[in-house]
Amino acid sequence: VRGPAGPGLSAPCLCRRERVRAMFYHAYEHYLESAFPYDELRPLTCDGQDTWGSFSLTLIDALDTLLILGNVSEFQRVVNVLQDGVDFDIDVNASVFETNIRVVGGLLSAHLLSRKAGLEVEAGWPCSGPLLRMAEEAARKLLPAFQTPTGMPYGTVNLLHGVNPGETPVTCTAGIGTFIVEFATLSHLTGDPVFEDVARKALKALWKNRSDIGLVGNHIDVVTAKWVAQDAGIGAGVDSYFEYLVKGAILLQDKELMSMFLEYNKAIKNYTKFDDWYLWVQMYKGTVSMPVFQSLEAYWPGLQSLIGDVDNAMRTFLNYYTVWKQFGGLPEFYNIPQGYTVDKREGYPLRPELIESAMYLYRATRDPTLLELGRDAVESIEKISKVDCGFATIKDLRDHRLDNRMESFFLAETIKYLYLLFDPDNFIHNDGSDFDVVVTPFGECVLSAGGYIFNTEAHPIDPAALHCCRKRKQEQWEVEDLMREFYSRKKSKKFTLKRAPDRGEGENAKDPEDASSEKAGEKRNSKKSSHSLLSCPSQSFNSKLAVLGQVFLDNT
């Protein structure tokens, strides 16, 4: 624990932050004692169970939370445990969606945080490393699911055998559109474009199949592209598709993804929004099909804050907060006209979404109401859910009956967002005033400057890392021209220098043989093309040489 409250950190916030830390360790230590190496803790019986594929999932999901809480030594220990103990070459049917957001996302985040955690990283990091190789291995196990006529993936894949012959082709919208953050990061770090390519193809397939009024349904047949469930909304089955259009646009500085979201946002406001609530409607007609609020929809105010729509975000957040205060948690379904829970949907599995929105909105507004939600969440979870062996899912918010499960997202998301809400000085909130410069095989690279993008399991991705693992074409071409000029003066015979392939360039990446055959003049002309509005122009290589000094070459 840092000493006295720092700038912006009041004594009550410090106290609540430390309560959240204690909550984490109560859950985490009991997972290690009673449930590891199973995926999840069963807190009522103090044992464990595999749920999403036998990956020691809670350990992977909690790894970056350890570092956010400042526990460097345990982060380092767990990295070694995972390297030695996790095997993806197993005969298990795994959710493509859950494996991506929890396992691939968790490993990528931990990989990019390894240096900050004091691990000795290998030469070439962040473009190489054991956790990156594990993330890539896990992601490759998911690729067979994308081999469909539409490019939209199956929902389940066998990690050893691929897609089972009898696998259902019906997948939820979120299960199709929630890959671009993790898969684009993988492509940029490893240089293999296949991951980003399949994620983009799936996103565009959903976009192509939206209705005439601009909405998407809940479930679709990935073989025929026919909508099976035609309810349109922002909640379960759809939610993280919209989230990843925004976060993918920010991460990749991609105007197309953002324009897609903004078009959806217009349709959502036109057809589903009523008095700052969002209902479910028929995707082709826009008529109301379910006047309910789902707890998973509580991410929406946070997403609105990311696009600058803070006023609307706060109004919707306050609606959701009234439900929390009514029950001490968010029921899975809440009937808006009746003002009460929906039958058989009265539970609260300690979900993070409302706390997530509070964290984003507090960063944007500093409204103390958002801290009150955090305080209420700590009080409710500790009072209702805490048991001897951890924290249990609340089966029914009306009578506080519990269920024998602690989902891994409790440590990955709920605790993390609570902690960050009460810790404004955390490195995750870095405003760019502090950063690290890392030397990679592709040049110098700035990391840890902030702007982290959370995947939908709250695993932070450093967007700067995506620019570390590929050479800038302009600089590479200028080096080649300088080398040609040097050798043409030194030697009478022609010197040919082959160009290495660019990393992470997707389908447009050129073969090195083709690239080396281009004329130097064409290369110079290509440098004159205008810079993208979403990128910062770089100083030319020749200018850098002039500033940094001479290059000395001997005659040998």
Note the full-extension length gain between VAL81 and PHE36 as 0.36 nm times their separation in residues minus their Cα-Cα distance, in nm to one decimal.
15.1 nm
Based on the Kirkwood radius over alpha-carbon pairs, what is the Stokes-Einstein translational diffusion coefficient of the stretch 260-321 at 4 °C with 1.567 mPa s viscosity, in µm²/s?
108
Which number do you get for Rg(Cα) / (2.2 N^0.38 Å) in the stretch 296-421?
1.01
Relative contact order of the stretch 338-411, please, whole-number percent, based on alpha carbon pairs below 8 angstrom and at least 6 residues apart.
35
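For the stretch 204-286, take N as its residue count and report Rg(C-alpha) divided by 2.2 N^0.38 Å.
So the stretch 204-286 has a normalised radius of gyration of 1.06.
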So who's got an amide H within less than 5 Å of the one on THR440, skipping anything under 5 residues away but keeping other chains? H placed 1.01 Å off N, in plane.
CYS445
Could you tell me what percent of the accessible area of the stretch 351-437 is made up of carbon and sulfur, with a 1.4 Å probe and every protein chain present?
40
In nanometres, what is the gap between the two model label sites at LYS386 and LYS266, each 7 Å from Cα along Cα-to-Cβ?
5.0
Centre separation in Å (Cα based) which lies between the stretch 218-260 and the stretch 319-335:
25
Could you derive backbone 3J(HN,Hα) for the stretch 27-38 from the dihedral phi with the Karplus parameters 6.51, -1.76 and 1.60 (θ = phi - 60°), listing whole Hz in sequence and x where the residue is Gly or Pro?
6, 5, 5, 6, 4, 4, 6, 10, 10, 4, x, 5
The alpha-carbon center of the stretch 106-122 and that of the stretch 21-58 are separated, in whole Å, by 23
Measuring from centroid to centroid over Cα atoms, what is the spacing of the stretch 411-435 and the stretch 265-285 in Å?
33
Tell me, what is a quarter of the convex hull surface for the C-alpha atoms of the stretch 18-121, in nm² with one decimal?
7.0
Taking placed amide H atoms and a strict 5 Å upper bound, the residues 5 or more places from ILE461 or on another chain that come that close are ILE453, PHE454, ASN455
Could you tell me the calculated FRET efficiency between GLU137 and ASP403, based on Cβ-Cβ distance and R0 = 22 angstrom, to the nearest 0.05?
0.10
Which of ARG133, ARG210 is most accessible, then next, and so on - probe 1.4 Å:
ARG133, ARG210
Along the Cα-to-C-beta direction of ARG345, a point sits 7 Å from the Cα; which residues of the stretch 283-298 have their amide N less than 16 Å from that point?
283, 288-298
So the FRET efficiency between THR224 and ASP396, C-beta based with R0 = 35 Å and rounded to 0.05, is 0.35
In this structure, among LYS141/LYS344; LYS269/LYS395; LYS116/LYS247; LYS116/LYS416; LYS226/LYS247; LYS116/LYS255, pairs with alpha-carbon gaps over 29 Å are LYS141/LYS344; LYS269/LYS395; LYS116/LYS255
Estimated FRET transfer efficiency (GLU379, THR287; beta-carbon r; R0 45 Å; 0.05)
0.65
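The values are calculated or read from the model by the stated rules, or taken from the named source; none is laboratory data. In this text, all values refer to a predicted model and were calculated from it rather than measured experimentally. We place every Cβ from the backbone using ideal geometry, glycine too, and count neighbours over all the protein chains shown. Remember, those area values only see protein heavy atoms, side chains included, never the ligands or the DNA or RNA. Shrake-Rupley method; radii C 1.70, N 1.55, O 1.52, S 1.80 Å.
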